[in-house]
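None of the figures in this text is laboratory data; all of them are computed from the coordinates on show. This is a predicted model, so every value here is computed, not measured. Backbone-built Cβ (ideal geometry, glycine too); neighbour counts: all protein chains shown.
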Amino acid sequence: MKVLVIGSGGREHTLVWALSQSPKVEKIYCSPGNGGIAAQAECLPALSQSELLEFAKKESIDLTVVGPEQPLVEGIVDLFKQKGLAIFGPSKAAAELEGSKLYAKEFMDEFNLPNAKYKEFSDLELAINYLKEISFPTVIKADGLAAGKGVVIATSKEQAKGALKSMLEDNAFGEAGSRVVIEECLQGEEISVLALVDGHSIVALESSQDHKRIFDNDEGPNTGGMGAISPSPLYHGELKQRIEEQVLQPALKGIQKRGLDFHGVLYAGLMIAPDGTPNVLEFNVRFGDPETQAVLARLDSDFFDLLLATSKGELAQAELKWKPQQAVCVVMAAGGYPGPYDKGKVISGLDQANALEDTVVFHAGTTLKEGQITTAGGRVLGVTSLGNDLAQAQDKVYQAVEAIQFDKAFYRKDIGNKALKVHST
Ligand code: AMP
Ligand code: GLY
């Protein structure tokens, strides 16, 4: 089988790595890929949707797998399917679950998924007036895609006003910020549940927990994600059942009732309230990054089979087995991220880190230049290890991280610590 993966981050390296382990996969292409992906796949330049389609036809690609949300929201799945090509991902209409926060909120309310109370605004004055009625902190979200930067947790009225102004008046996010959601700020523990959806069934993968803030102890600004663990110690027993009954099954029913063509991943970002209510903070319609690194490191089934079964609507027959170990992924970022940072720094120690037991270094922002791997993005690597328990996985992963060097490398030292506390209580 020939597979084409679209994207260039740590998530895509993980998808390529997991696909490369299937005995059925004979060749992987990736557009555009990165310095690490190049070891397992033939990297193509960044191509437009029509160029990707032409390539897939010419090379008789058996399955195309879309990593990031942008091409999904732009309708790549519809384009491929119109030409009869197999592709993993939701249609343009279904991708609105991620592409529009308002669409997602209306969907959650219609199908009774627990979520934060909200109001929608496109008029700055009305939005500012509404601030008089609410308490703080409150959450302000740009409706459309904003590369992970469209959510502001405003602790004061002044901060909320500033966020509203930048979205509704200064067009900081362009069209994506021309409508906003002001929603109740929820408290609790966050977990990510990624589920495969094939139109007939929804099957949760193992749970994970992201670490979104840049600094230890969840301080500083939000990032794309600085590390992840899988599984989350919270996801078992009654909570697992509540997520299935109150989130996943209603989401599937909604997808079916709305007639959405969804053959891909539904990612539910959840805030578990102190009373155990699994509130949905957001939906994504793709694999999470870096959650995928931690989750797929534990997969013990053929990943290609799973994706193909999902794309064909045959998920019910697919096998899904997991390694019992705990996974920890630590993101090594370029100093300065999520603000401005340097690129082009030579990375050393990758071979030593990869040689450690149960460890794999997924590349995110790297490139291969004159035989050397150099940094090319904010999140540079996702170092991932398995251990018999969380503490062992942490020991291994930080040993691997310490073996890797590049100028101004930055990483959190506490990935998994919050979950360790849950284990010990
Ligand atoms: P999103 O892009 O919607 O995932 O939001 C990014 C992050 O903002 C989430 O992972 C949460 O940490 C936080 N967040 C979003 N919505 C809320 C909310 N209603 N209450 C508290 N935190 C939130
Ligand atoms: N790690 C968060 C995301 O993938 O959206």
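The figures follow:
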{"item": "25 Å Cα-Cα threshold exceeded, pairs from 2/369; 117/413; 27/343; 27/83", "result": "2/369; 117/413; 27/343"}
{"item": "Candidates 96, 59, 370, ranked by Gaussian network fluctuation over the chain, Cα under 10 Å, top entry", "result": "370"}
{"item": "Sparsely packed trypsin sites (Lys or Arg not before Pro) within the range 7-104, loop by DSSP, other Cβ within 10 Å at most 13", "result": "24, 83"}
{"item": "Of 64, 155, 310, the one that fluctuates the most in a GNM where the chain has Cα springs shorter than 10 Å", "result": "155"}
{"item": "For 383, 247, order by how many other beta-carbon atoms lie within 10 Å, fewest first", "result": "247, 383"}
{"item": "Charge tally in the Cβ shell below 12 Å around residue 163, where Lys, Arg are +1 and Asp, Glu are -1, residue 163 excluded", "result": "+2"}
{"item": "Packing-based exposure ordering (other Cβ within 10 Å, fewest first) of 185, 30, 43, 329", "result": "185, 43, 30, 329"}
{"item": "Residues residue 342 and residue 132, FRET efficiency given R0 of 60 Å [Cβ-Cβ distance, rounded to 0.05]", "result": "0.85"}
{"item": "Rounded to whole Hz, the Karplus (6.51, -1.76, 1.60) HN-Hα couplings of the range 135-150, x for glycine and proline", "result": "9, 10, x, 9, 10, 10, 10, 5, 5, x, 5, 9, 6, x, 10, x"}
